[in-house]
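As structure tokens, the structure follows; a few thoughts come after it.
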Amino acid sequence: MGEVIVITSGKGGVGKTTASANIGTGLAMLGKSVVMIDADIGLRNLDVVLGLENRIVYDLIDVIEGNCRIKQAFIKDKRYSNLFLLPAAQTKDKTAVSPEQMLKLCNSLREEYDFIIIDCPAGIEQGFNNATAGADRAIVVTTPEVSAVRDADRIIGLLESKDLKNPTLILNRIRQDMVKRGDMMAIEDVTEILAIDILGVVPEDEAIVISSNKGEPAVTDDSSRAGKAFRNITKRITGEEVPIMDLSADRGLLSKMKKLLRFGS
Amino acid sequence: MNNSVVFKGRKRGIVIVLDKDIPFSELIVDFKQKVLQAKSFFGDSKASITFQGRALSTDEEKQLLDIIFKETGLNISFVDNGYDYKSLDSEGYGYIDPDENSTIYHKGSLRSGQAIVYAGSVVVIGDVNPGGEVIAEGNIIILGSLKGLAHAGCAGNKGCFVSAYQLRPTQLRIANIITYIPKEFAKKNKIRFEPSVAYIKGGQIYIAPLV
């Protein structure tokens, strides 16, 4: 029996789609069978981030309207044969699907796959209701900004009212140097407000922008720090205990040089 | 649902699309059934009839017309057996829509999420961005860059073509053939996206420069 996980945030642009792509790919790297569903109908992105947009023939709406069988709409990932994407329609809008239909879809997929990852659209309206309808658990993504944390708090409240208790948190795009200077909220500041378990902390990393543009999730990149953070997150999802990575660790040539110079003086 | 006989209402009259694969004896049974179902749709109007999809002998055509005469009050103004066996199945470009009124023009670009779906040919005066779609039963001509999806001959006509000033679609479909240009391939082979036309040749989509 598989698990349906919805990745949500309330606010847009905090990294839901990036997190979905990396978690889905990361779970597939661990050998799990994974289906990723893009629930952001009308503003689909997950296919682009995964580099699969040119293979789309059928989409979520075609499946729900019965124009094709579920498996016809699945796009098999380029790298992992146990990873599938069910893309959203681009020319429709959120009202084309109802929560009942999503629930039915999730329940039929649950029987065959280990994980179903749903990329939720921003907002708290119908798109959110659709994406969360079939979920067993929720992962809330936020960045260390007051506005994102405020929206995350609202989302956690809504999830709890939908019986999705105990959502976990991914704190994305954290910059340790700014935290140190006191210019950015620290992990503790965020968890104090939201009071939910933290699933992972992802540092700001240029590799994310590069990998999104290339259509290859950072989780596959051994040299990327954000990739490592996502690998840890996927391990935690499967139940393994992995400590939160040390964000103050040296990064890049520049900081190493600085350290060397300081040592010399 | 039996689709061996399909009626389509057009500006100029009624188009009847016939399956070319089943035997005529079966087709005529389906035809009669469809005519009975469509009786009220026909009314006692006056219309022209075009048979498409199958080559009919004079005798076969007469049998089909007799059914319409007998079962409905339709007043047939003229019959156009405009079926050219080559036009539906033959590959290569050069398909010209028989109905000169069936091309629509769209001025302006199609952005992500916008789509034109039309039972004829489509001319877009502007770009089609990634995420935009043009789906046509006939040809597609884009006076701009095609960066989104284009599907020409979506009802199965393999003679349809897609042309654009810059032909670099996310995905390209003609009739039942789907293709795309892999990004890596385009980069490695330094493909220059010049005014081109895409059509079916040898069971594959073939792209040729348009000059």
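Just so it is clear, none of the values below were taken in a lab; they were calculated from the coordinates. No experiment lies behind these values; they were computed from the predicted model shown. Glycine also receives a Cβ, built like all others from the backbone with ideal geometry; neighbour counts cover every protein chain displayed.
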From the Cα gyration tensor of region A:3-264, with a ≥ b ≥ c the square roots of its eigenvalues, which class applies: rounded if a/c is under 1.5, or else prolate if a/b is larger than b/c, or else oblate?
prolate
Taking the Cα atoms only, what angle lies between the long axis of helix B:24-37 and the longest principal axis of chain B, rounded to 10 degrees?
80
Report the Cα centroid-to-centroid distance between region A:1-42 and region A:75-102 in angstrom, as an integer.
11
Pick out, in residue order, every one of the trypsin sites (Lys or Arg not before Pro) in region A:78-129 that is DSSP loop and has at most 14 other C-beta atoms within 10 Å; say none if there are none.
A:Lys78, A:Arg79
Most exposed first by the Cβ proxy, i.e. fewest other Cβ within 10 Å, how do B:Ser112, A:Ser211, A:Ser161 rank?
A:Ser161, B:Ser112, A:Ser211
Cross-link reach list, lysines versus B:Lys34, counting only Cα pairs under 26 Å and skipping chain neighbours closer than eight places
B:Lys8, B:Lys11, B:Lys20, B:Lys46, B:Lys62, B:Lys70
Using 26 Å as the Cα-Cα cut-off, could you pick out the over-long pairs in A:Lys94/A:Lys162; B:Lys147/B:Lys201; B:Lys39/B:Lys158; A:Lys228/B:Lys188; A:Lys32/A:Lys165; B:Lys147/B:Lys190?
B:Lys39/B:Lys158; A:Lys228/B:Lys188
Tilt relative to chain B, helix B:58-71 - C-alpha long axis, 0 to 90 degrees, to 10
70
How much of the DSSP bridge set in the protein assembly as shown is antiparallel, in percent, rounded to the nearest 5?
25
Enclosed volume per residue, in Å³, of the convex hull spanned by Cα atoms of chain B
139
Take every DSSP beta bridge whose two residues both sit in chain A, then give the antiparallel share in percent to the nearest 5.
5
From the helices alone, meaning DSSP H stretches of at least four residues, give me the mean residue ellipticity at 222 nm for chain A, per-run term -39500 (n - 2.57), in deg cm²/dmol to the nearest 500.
-12000 deg cm²/dmol
Using the 10 angstrom Cβ neighbour count as an exposure proxy, how do A:Arg137, A:Arg44, A:Arg69 rank, fewest first?
A:Arg69, A:Arg137, A:Arg44
Correct response: the longest run of chain A lacking exposed GluC sites (Glu not before Pro), defined by DSSP loop and at most 13 other Cβ within 10 Å, is A:126-239
Compute the acute angle (0 to 90°) between the alpha-carbon long axis of helix A:146-161 and the principal axis of greatest extent of the alpha-carbon atoms of chain A; round to the nearest 10°.
40
How many Cβ atoms of partner chains, on average, are near each residue of A:65-74 if near means within 10 Å of its Cβ?
0
How would you classify region A:1-107 from its alpha-carbon gyration tensor, with a ≥ b ≥ c the square roots of the eigenvalues: rounded for a/c under 1.5, else prolate if a/b is greater than b/c, otherwise oblate?
rounded
Using only the Cα atoms, what convex hull volume per residue in Å³ does the protein assembly as shown have?
189
Gyration tensor verdict on region B:103-209 (Cα atoms; rounded if a/c is under 1.5, prolate if a/b is larger than b/c, oblate otherwise):
oblate
